[in-house]
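Single-structure report; data block below.
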Amino acid sequence: MVKNMKSNQASRNPFKNSDSNKRYYTFDYFMKNRFGVKCAKIPIDAGFTCPNIDGSKGIGGCIYCSGGSAGTGTDCLRSISEQYNNVCEIMDHKWAGAVRIPYLQAHTNTYGNIDRIIKVCEEALSLPGAAGLHIATRADCLSSETVEYLAGLSKRTYLCVELGLQTAHDSTAEKINRCHSFDDFLQGYGMLRNSGGDINICVHLIDGLPGENDEMMIETAQKVAQLQPEQIKIHLLHVLRETALEKMYINGEYTPLTQNEYVDIVCRQLEILPEDTVIGRLTGDGVKNELVAPLWSQKKVCVLNDIDKTLYERNTWQGKLYNNTTI
Ligand code: SF4
């Protein structure tokens, strides 16, 4: 039944950047076109910290940060190659022959001494089978010498720099202890965009931040759409154990989005994003044993199916309402 529904949706799909029922430009589709085969991103914790944790910008981190950003935990105790080989072993069973892209994921991977940043990037790129690099960072942690190095790197290989924006609303950024403003983000984004290299930029957004209503989330998507980034990741806010957000949740000061609310907002955001922006992710990965709420998010496939179904039923797709004008 589900298979029939999917093939029906695929045959009626008017969205150009898709060969399936997906009405948005998936990372999988993008990478398959670029490399000719399936791509596997390999998460690596290179042991960087974050200015929002070590006190140089803030202390305690963003209210949802468990300290082991993106769930890589204590991996930094292991070498880059050990982490890579371990994940590759698992991935190879799942997707034999997939292209491998090391992903410097934990914390802020351009925060620190330039020599160390270069050493880590070069080491990651020299891993066996590595066909490019993704680097996660904050827009306020990009020095001119780092951007110059990244621009050069992007001429040698596929490079994507992932910037956590989360929200375009400074009032929300303050609530979540983000310790940077939308203007700070725009400045870092501009440095990458004008670097003279060929850097792919991926912008991360979070839906369901405390105090944000639907219109604020749509407005953030609209502002990012104007920038025309190569990639966007949309996350659902997860309440993780031992975070400031968990305390707010327990005290009744924070209510997570329901699945229906999240699916509705994501579909509306997709409609206003450019059709050629790759959607790197539509569901976040809360580490299972750390996730407090919302528990429905553990069923990622159901959430993604709901998004596909809703786009189909609304007869809409990514970019249908894209409007390249400032709001
Ligand atoms: S910027 Fe990332 S690593 Fe730093 S505190 Fe926020 S979520 Fe954690």
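No value in this document is a laboratory result; all are computed from the given coordinates. Since we're looking at a predicted model, the values are computed, not measured. Note that we place each Cβ from the backbone using ideal geometry, even for glycine, and neighbour counts take in every protein chain shown.
Within the same chain, lysines fewer than 8 places from LYS247 are excluded, and of the rest, those with a Cα less than 22 Å from its Cα are LYS175, LYS288. Contact order for the chain, expressed relative to its length and based on alpha carbon pairs under 8 Å spaced 6+ residues apart, stands at 18 percent. When each pair of different Cα atoms in the range 74-143 is counted once in the 1/r mean, what is the Kirkwood radius in angstroms, to one decimal? Roughly 13.0 Å, rounded to one decimal. Counting only lysines at least 8 places from LYS22 when in the same chain, those with an alpha carbon closer than 25 Å to its own are LYS3, LYS6, LYS32, LYS38, LYS41, LYS94, LYS223, LYS233, LYS299, LYS300, LYS309, LYS320. Amide H to amide H distances under 5 Å link CYS39 with VAL99, where only residues 5 or more positions off or on other chains count and H is placed in the peptide plane.
Specify whether the C-alpha gyration tensor of the range 218-327 places it in the rounded, prolate or oblate class, a ≥ b ≥ c being the square roots of the eigenvalues: rounded for a/c under 1.5, otherwise prolate if a/b is larger than b/c and oblate if not. Cα axes put the range 218-327 in the prolate bin. Within the straight-line cut-off of under 17 Å between alpha carbons, the aspartates and glutamates reachable from LYS16 are ASP28, GLU230, GLU271, GLU275, ASP276, ASP308, sequence neighbours fewer than 8 places apart in one chain being disregarded.
Scan around GLU162 for amide H atoms under 5 Å from its own, H built in the peptide plane at 1.01 Å from N, and keep only partners 5 or more places away or cross-chain. Long-range HN contacts for GLU162: ILE135, ALA136, THR137, CYS202. Kirkwood radius and radius of gyration were both taken over the C-alpha atoms of the range 58-208, and their ratio Rg/Rh is 0.97.
Packing around the peptides 41-53, 240-252, taken as the average count of other Cβ atoms within 10 Å per residue, puts them in this order, highest first: 41-53, 240-252.
Across the range 39-313, the convex hull enclosing all Cα atoms gives 130 Å³ per residue.
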